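Engineer: Below is the structure I would like to discuss, written out as structure tokens.
The values are calculated or read from the model by the stated rules, or taken from the named source; none is laboratory data. Computed from a prediction, not measured in an experiment: that's the story for all the values here. Ideal geometry is used to build each Cβ from the backbone, glycine not excepted, and the neighbour counts take in all protein chains shown.
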Amino acid sequence: MSTLFYLLIALLLLGILITIHEFGHFITARLCGIAVREYAIGMGPKLISRTSKKTGTVFSLRALPLGGFCSFYGEDDIEGKEQEDPRAFGKAAVWKRMLTVLMGPGMNFLLAFLVLFLWFAIGGVQTATEVQPFIISVDAEGPAAESGLQEGDLLLRVNGETAGGASLDGVMALITAWKEGDAPLALDVQRGDEELTLEMTPFYDEELGRYRVGVTLGGRVIGTERTAVSIGDALRYSWDNCVYAGGTILRALRALVTTGEGLDQTSGPIGVVSLVSEEVRAGGFEAFLNLLVVISINLGIMNLLPIPGLDGSRFLFLVLEAIRRKPLPAKREAMVNMVGMALLLALMVFFTYKDIAKLLQ
């Protein structure tokens, strides 16, 4: 299929995530009796718009499919012209505004969970049936290094017994079962097109309480099967996967802030679209769903950060309002959010420039 098709698929994925995020704000506001000025998908000039006769809300589709918004009366009103409007966002109870702000990211988390649940409930869980052990790293001083074992070697057999299986447990059992006085372990490995037999004598690791040869093993999955699971297991697997993805994103974010690790891999909208299109081209529908889940959780987490202009900052202002039992100066809050949005826009332009330069290389 053409590159254009996969680019459209990538835009569809981002469109789904943005629509769901803004719908979280919209539907919660409606349920809480908060008036919505406009619910927009996309940014820039309007392509299509319709005004609800019942609520006055404008529903619009805009030209640039890389964003969206749900705006409220009196929100970010620097001049203060709408602060006394009975429909103004600030007129609603603080808990209603808190819920409305949180349900944007909340819908992203819910979407990820529901997609995973349906995938597991309908298609089952994919489990490994065969794993190819390989050497991730070799300790500088140890039996494995002395024998000539190298990083990247594929482990075929241990003392003549096949090293493959559904997990690495069998390989570990063969190594740790070695006892003092036994013949050296014979490891058959494949290095490129060459097959080698290397012998080594394990050493006893007092700290771990077992015999080792001084390597870190990994396993490449080369065979899988899908197994049907119960609804309860589908719920559990969905939750575990969401927690794992969220934890991975938070750790990467912490590394980015504290050490700058991963900054060179950070992308803007164009980079994300390019990545999604390439992954979907290679992995098909399953890759599409996997990216939808990961990016949805990422979008939810990023929006909860207390950065001016994002949902996390707005929620923080509401928490302060609840503690003080009176709202913060509306103009000051609006100014902070507007400056934050300007900085975020500048950051997006910077990463977009980087993405385009990378594509042209």
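Engineer: Which condition number in (1) crowded, with 16+ Cβ neighbours inside 10 Å; (2) more than 28 Å from residue 291 (Cα to Cα); (3) at pLDDT 90 or above is the one that residue 95 fails?
Structural biologist: For residue 95, the exception is condition (1).
Engineer: Same structure, new question: Within segment 217-241, can you find the residues that are assigned to a helix (DSSP H, G or I) and exposed (fewer than 12 other Cβ atoms within 10 Å of the Cβ)?
Structural biologist: 231, 232, 240
Engineer: Which one is surrounded by the fewest Cβ atoms within 10 Å (Cβ to Cβ), of the residues in segment 162-205 that are aliphatic (A, V, I, L, M) and assigned to a helix (DSSP H, G or I)?
Structural biologist: Going through the qualifying residues, I end up with 173.
Engineer: Further, regarding this structure: Return the only residue of 131, 101 being β-branched (Val, Ile, Thr) and part of a helix (DSSP H, G or I).
Structural biologist: Numbers: 131 fails: part of a helix (DSSP H, G or I).
It is 101.
Engineer: Then there's this: Filtering segment 206-216 down to residues that are surrounded by 15 or more Cβ atoms within 10 Å (Cβ to Cβ) and not charged (D, E, K, R), which residue is nearest to the chain's Cα centre (by Cα)? Break it down into steps so the answer makes sense when it comes.
Structural biologist: Filtering segment 206-216 for residues surrounded by 15 or more Cβ atoms within 10 Å (Cβ to Cβ) gives 211-215.
Then keep just the ones that are not charged (D, E, K, R); that gives 211, 213-215.
Details: 211: 38, 213: 36, 214: 34, 215: 31 Å.
Of everything passing the filter in segment 206-216, 215 is nearest to the chain's Cα centre (by Cα).
Rundown of residues vs (1) at pLDDT 85 or above; (2) among the charged types (D, E, K, R); (3) crowded, with 17+ Cβ neighbours inside 10 Å, yes/no style:
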| site | (1), (2), (3) |
| --- | --- |
| 53 | yes, yes, no |
| 61 | yes, no, no |
| 66 | no, no, yes |
| 72 | yes, no, yes |
| 75 | no, yes, yes |
| 80 | no, no, no |
| 83 | no, no, yes |
| 90 | no, no, yes |
| 113 | yes, no, yes |
